[in-house]
């Protein structure tokens, strides 16, 4: 695990390149405090910060091919590297290290771009071919590891974190005005171009080449959902076997491995199988916001130790600028806050943790996929209606939408309607028109919410509605929110997070599971929960999903925090983006309990803190 930076550029001397790449590396020292390395020649410079996890003595990077014609830097873990190494050794390749990095390099020599299809893991890497003078790079299937690029005026830069670009003299730091309006709806940076103008992400499941001044992106993987005929018991057995195998594969390490543990089924399942020496939980004091109580109950039953911490509102607000700095772009998912402190806690004991990301997307754990009522009668009725022909279902859904609200109407509508009509992912903060009413005119011009989601829906028109929604989340919510915050918050504390429930082998199974075993009248993530129940105390796996509960409702009605936010909303620079009278009225009405608009306020607050950090203060103590 580490951070990578670099640039292709013929304008600077080798000496100047070395100075520039050192600054870029120093900016992300938190990603790899154990060691560093670099490669510089007339055309390219790249650097590497290492967090030692595997092959502690011999895994330093860059790593060179046998004849030194190719050189690689790599961020991530390849879980099948031992099998690949054996295969490549049999084909005559000679290895100098025991690290998974070298497997990618020799694999590229043997298989070319097809190497990415052989890799099981999380990765962002680049390989420089010194003879061809070309750069090859790739990002993992799901986008677990971040990977950004900036390609302007003859310079191609890449990095694990955008902030590395700040230290390159050719980087022009500008706000991308088209990112703000979609963010107001989605709560994360939802478009392909980031909040920094001309900075883009390497998309998940893609590789690229840079040859001269040209960049070429190619998709090598995409989800392919199907409906395989199988019994429920078969589905449960397959999931159980796959999770056990994946947890074992993700647990291989030369250092101690712990687990994040909430009250939910995903992290509980992983913890029950891992049986680590260390489990970690976080809370905010009040019982309704403190998952560590339930985590402690589970570890007591399993005979494990749980380390927990209570975070105060004062601590959360004090560290919030640092949190936004580490995220690179504004992200108003409240769970960023507990995850930051949870990672800090875990880093005191271990260098690697297993977490539960991915199960909700792969096995349909979200209630928004069509589980919007507590009434079993309504849920059973909805399952029967799902058997109607598609046109009849859609027509009935649109009729229900026009009717006065009644008990269970939302559940029936979401069970029958085309996903395209109502689902944009797991976050919805501002309606698009409402966002425009708060934003100044220059920020109205952007991709619409519909354009953003339709780009994905158009690829899967014939899938069942639940799998359409899963597909959208896999390409929007997961890489741009869930996985991004998991990587950035853990790496802020030099901690590696692994996701055994989000793995290409797990995905290959999840694609085959019938929809009726994913979500039905009984529960979300139905077959997955049944598999988990084999390893957890009775009924533990059937607990309602909470996420990371964060008391922003209470914070926004505490006078000291309200005053701090109001002071920010009144700042001169804010008028560049928002109609200040409207956002102040929103804040005041919420404080006075006339309305409850905590998510809208938090989303505006988050953006302003992020902008202040990157464009006004620019002197944040990033060691905090």
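On the given criteria, is residue 432 touching a helix residue (DSSP H, G or I) at 6+ places or on another chain (Cβ under 8 Å), surrounded by fewer than 20 Cβ atoms within 10 Å (Cβ to Cβ) and either in contact (Cβ under 8 Å) with a residue 24 or more places away in the chain or more than 22 Å from residue 179 (Cβ to Cβ) (or both)? Considered against the rule, which asks whether it is touching a helix residue (DSSP H, G or I) at 6+ places or on another chain (Cβ under 8 Å), surrounded by fewer than 20 Cβ atoms within 10 Å (Cβ to Cβ) and either in contact (Cβ under 8 Å) with a residue 24 or more places away in the chain or more than 22 Å from residue 179 (Cβ to Cβ) (or both), residue 432 comes out as yes.
Residues considered: 514, 479. Of these, the only one that is under 15 Å from the mean Cα position of the chain (by Cα) and either surrounded by 21 or more Cβ atoms within 10 Å (Cβ to Cβ) or under 14 Å from residue 362 (Cα atoms) (or both) is 479. Every condition in (1) within 30 Å of residue 284 (Cβ to Cβ); (2) modelled with pLDDT under 95; (3) in a loop (DSSP other than H, G, I, E, B) holds for residue 331 except the one numbered (2).
The lone criterion from (1) surrounded by fewer than 24 Cβ atoms within 10 Å (Cβ to Cβ); (2) out of contact with any strand residue (DSSP E or B) (no Cβ under 6 Å at 6 or more places or on another chain); (3) outside the structural domain of residue 537 (by TED's automatic domain parsing) left unmet by residue 208 is number (2).
Looking for something under 31 Å from the mean Cα position of the chain (by Cα), at pLDDT below 95 and not assigned by TED's automatic domain parsing to the domain that holds residue 331 - is there at least one such residue anywhere in the stretch 448-460? So far as the stretch 448-460 goes, no, none of its residues is under 31 Å from the mean Cα position of the chain (by Cα), at pLDDT below 95 and not assigned by TED's automatic domain parsing to the domain that holds residue 331. Residues that are under 30 Å from residue 363 (Cα atoms) and at pLDDT 95 or above number at least 2 in the following strands (runs of 3 or more DSSP E) confined to the stretch 140-231: 199-201, 206-211, 214-219. Just one of (1) under 20 Å from residue 558 (Cβ atoms); (2) not in a loop (DSSP other than H, G, I, E, B) fails for residue 346. It is (1). For the subset of the stretch 436-455 comprising residues that are assigned to a helix (DSSP H, G or I) and in contact (Cβ under 8 Å) with a residue 60 or more places away in the chain, which member is nearest to residue 142 (Cα to Cα)? So the residue we want is 452. Regarding the stretch 110-130, can at least one residue be identified that is within 21 Å of residue 332 (Cα to Cα), surrounded by fewer than 23 Cβ atoms within 10 Å (Cβ to Cβ), outside the structural domain of residue 603 (by TED's automatic domain parsing) and out of contact with any strand residue (DSSP E or B) (no Cβ under 9 Å at 6 or more places or on another chain)? So far as the stretch 110-130 goes, no, none of its residues is within 21 Å of residue 332 (Cα to Cα), surrounded by fewer than 23 Cβ atoms within 10 Å (Cβ to Cβ), outside the structural domain of residue 603 (by TED's automatic domain parsing) and out of contact with any strand residue (DSSP E or B) (no Cβ under 9 Å at 6 or more places or on another chain).
For the stretch 31-50, the tally of residues that are surrounded by fewer than 20 Cβ atoms within 10 Å (Cβ to Cβ) and not in a strand (DSSP E or B) stands at 4.
Regarding the stretch 605-613, can at least one residue be identified that is under 22 Å from the mean Cα position of the chain (by Cα), surrounded by fewer than 21 Cβ atoms within 10 Å (Cβ to Cβ), in the same structural domain as residue 311 (by TED's automatic domain parsing) and in contact (Cβ under 8 Å) with a residue 24 or more places away in the chain? No; the residues of the stretch 605-613 include none that is under 22 Å from the mean Cα position of the chain (by Cα), surrounded by fewer than 21 Cβ atoms within 10 Å (Cβ to Cβ), in the same structural domain as residue 311 (by TED's automatic domain parsing) and in contact (Cβ under 8 Å) with a residue 24 or more places away in the chain.
Looking at the stretch 456-535, the helices (runs of 4 or more DSSP H) lying wholly inside it that each contain 2 or more residues that are touching a strand residue (DSSP E or B) at 6+ places or on another chain (Cβ under 9 Å) sit at 483-491.
Restricting attention to the stretch 296-345 and to residues that are out of contact with any helix residue (DSSP H, G or I) (no Cβ under 8 Å at 6 or more places or on another chain) and free of Cβ contacts under 8 Å to residues at least 60 places away in the same chain, the residue that is surrounded by the most Cβ atoms within 10 Å (Cβ to Cβ) turns out to be 296.
Checked across the stretch 546-555, the condition of being free of Cβ contacts under 8 Å to residues at least 40 places away in the same chain and either surrounded by fewer than 16 Cβ atoms within 10 Å (Cβ to Cβ) or closer than 27 Å to residue 268 by Cα (or both) holds for no residue. Do you know which of the residues in the stretch 1-19 that are in a helix (DSSP H, G or I) and closer than 21 Å to residue 134 by Cβ is nearest to the chain's Cα centre (by Cα)? If we take residues in the stretch 1-19 being in a helix (DSSP H, G or I) and closer than 21 Å to residue 134 by Cβ, then 17 is nearest to the chain's Cα centre (by Cα).
The values are calculated or read from the model by the stated rules, or taken from the named source; none is laboratory data. Keep in mind the model is a prediction, meaning the values are calculated, not measured. Positions of Cβ are backbone-derived with ideal geometry, glycine not excepted, and every protein chain shown enters the neighbour counts.
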